[in-house]
Amino acid sequence: MDHLPLPDRASFPLLATNPELVWLDNAATTQKPRVVLDAERRFYEESNANVHRGGHRLGHAATEAYEAARKTVARFINARPEEIVFTRGATEAINLVAYSWGGSQLKAGDEVLLSTLEHHANIVPWQLVAQRTGAVIKPIPLQEDGQIDMTAFCTLLGPRTRMVAVSQMSNALGVCPPLAQLIAAARSVNALVLVDGAQGVAHQSVDVSALGADFYVFSGHKVFGPTGIGVLWGRTEILDAMPPWQGGGEMIERVSFDGTTFAPAPRRFEAGTPAFAQTVGLAAALDWLAAQDRIAIAQHETALYQQLAEGIRYLDGVRIVGTAPEKGPIASLVFGRAHPYDVAQFLDERDIAVRVGSHCAGPLMQSLGLSQGTLRVSLALYNTQSDIDRLLAALQDTLELLQ
Ligand code: PMP
């Protein structure tokens, strides 16, 4: 079968108008294709009205667009629309689950297992609910190559384990935990599983029905969509049993001063005016991505990663942290003597954008003994061989100066 052409920089206005820019900070946020910007602008120009309220045609059109976006998200991850809750992002989605499910279900001594790879967004909400409930957070250690230590995980699992929360792809190292094995093991002790898809969703097709987890979360802006919009997918029976977490308009059935009853999920979790224009942008992004050749994109990203890893081998004193074979197109680099911040500054002067620091993964950096953090190169479908060539050449120059 012929492959569709890969999307190129011309479809991304920011990249098209900055031809010299090498954007290698995709794990922080992705650039937006024109179709996403157009969809959001068209919504504001043609259909702008608040949703689920208006006694007018514009209000109906806006509501239709909002609910159509929910269906698009559901289709994209093979879920049902009533299982999709719109949130501000992955962070808010995890906070929602920790607060509502965790706050109502966790008892003193119950255990929440988190991998050492996790982003702070998948640690701190659990710590907050643990403080309230007396539940205990148990970190799952890693092997030397950055992969989850499955033997240690299975030893930690037990009758008190209620939740296992892991990422699909580490934002700091790119390592992808073995989700099928983790989920099967968690099931054997009746624990629920939350998968943080913030990084994985842009690189791997997701089918939540096949995955077997209970919650899946992601952010629009990391999958070529707008900021301010994210997704929580949850199993209907679990969402239905979860209490509201924020109160206000939209999430109620009936309000009186004697008491209030709540709308069913997902609206029970969407208090106030939602980011409806952004849901239209997100739907445009997901429809656009779904229409691409995702296998060819994954092969392209893997080839670029290999080009990078191969080039790094010839650079003195540079090392990729996390060598597990199950990896997405993210590389965290450390340098012999040079500080990652200094290297990044030199790269920035050559129009190459990367991220440095601990990547909101403090416990991971502590476990790796990396007090200076790393320099992270994170790829997306619009990156090219020439981007990697330029990065490698700039790294070589920089290190000659700094080391
Ligand atoms: N989880 C992971 C793995 C992430 O990379 C990020 C964003 N860096 C988040 C969660 C949080 O996403 P957001 O800030 O968009 O809510």
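Of note, GLU253 satisfies the criterion of being in contact with a Phe, Trp or Tyr (Cβ under 8 Å, 6 or more places away or on another chain), open to solvent by 30 Å² or more (accessible area, probe 1.4 Å) and over 27 Å from LEU379 (Cβ atoms). Within the range 15-38, is there a residue that is farther than 30 Å from ALA331 by Cβ and either of a type in the set (Ser, Thr, Tyr) or open to solvent by 50 Å² or more (accessible area, probe 1.4 Å) (or both)? Within the range 15-38, not a single residue is farther than 30 Å from ALA331 by Cβ and either of a type in the set (Ser, Thr, Tyr) or open to solvent by 50 Å² or more (accessible area, probe 1.4 Å) (or both). Scanning the range 164-184 for residues that are in contact with a strand residue (DSSP E or B) (Cβ under 8 Å, 6 or more places away or on another chain) and away from the ligand (no atom under 16 Å from the Cβ) yields PRO178, ILE183. From ILE297, ILE352, ILE320, grab the single residue that is touching a Phe, Trp or Tyr at 6+ places or on another chain (Cβ under 9 Å) and open to solvent by less than 40 Å² (accessible area, probe 1.4 Å). On inspection, the qualifying residue turns out to be ILE352. Does the range 39-47 contain any residue that is assigned by TED's automatic domain parsing to the domain that holds HIS203, touching an Asp or Glu at 6+ places or on another chain (Cβ under 7 Å) and in contact (Cβ under 8 Å) with a residue 40 or more places away in the chain? Scanning the range 39-47, I find no residue that is assigned by TED's automatic domain parsing to the domain that holds HIS203, touching an Asp or Glu at 6+ places or on another chain (Cβ under 7 Å) and in contact (Cβ under 8 Å) with a residue 40 or more places away in the chain, so the answer is no. Scanning the range 269-301 for residues that are acidic (Asp, Glu), under 20 Å from PRO329 (Cβ atoms) and in a loop (DSSP other than H, G, I, E, B) yields one hit, ASP293.
Taking the criterion of being surrounded by fewer than 21 Cβ atoms within 10 Å (Cβ to Cβ) and either within 16 Å of the ligand (Cβ to nearest atom) or basic (Lys, Arg) (or both), the residues of the range 71-91 that qualify are LYS71, ARG75, ARG80, ARG88.
Listed by position, the helices (runs of 4 or more DSSP H) enclosed by the range 174-263 include none that has at least 3 residues that are under 12 Å from the mean Cα position of the chain (by Cα). Of all residue pairs spaced 6 or more apart or on separate chains, those with beta-carbon atoms under 6 Å, a first member in the range 89-113 that is farther than 30 Å from THR279 by Cα and a second member that is within 16 Å of the ligand (Cβ to nearest atom) and in a helix (DSSP H, G or I) are VAL112/TRP126.
The values are calculated or read from the model by the stated rules, or taken from the named source; none is laboratory data. Computed from a predicted model, the values in this text were never measured in an experiment. Glycine also receives a Cβ, built like all others from the backbone with ideal geometry; neighbour counts cover every protein chain displayed. Please note that ligands, DNA and RNA were not included when accessible areas were found on the heavy atoms of the full protein model with its side chains. Shrake-Rupley method; radii C 1.70, N 1.55, O 1.52, S 1.80 Å.
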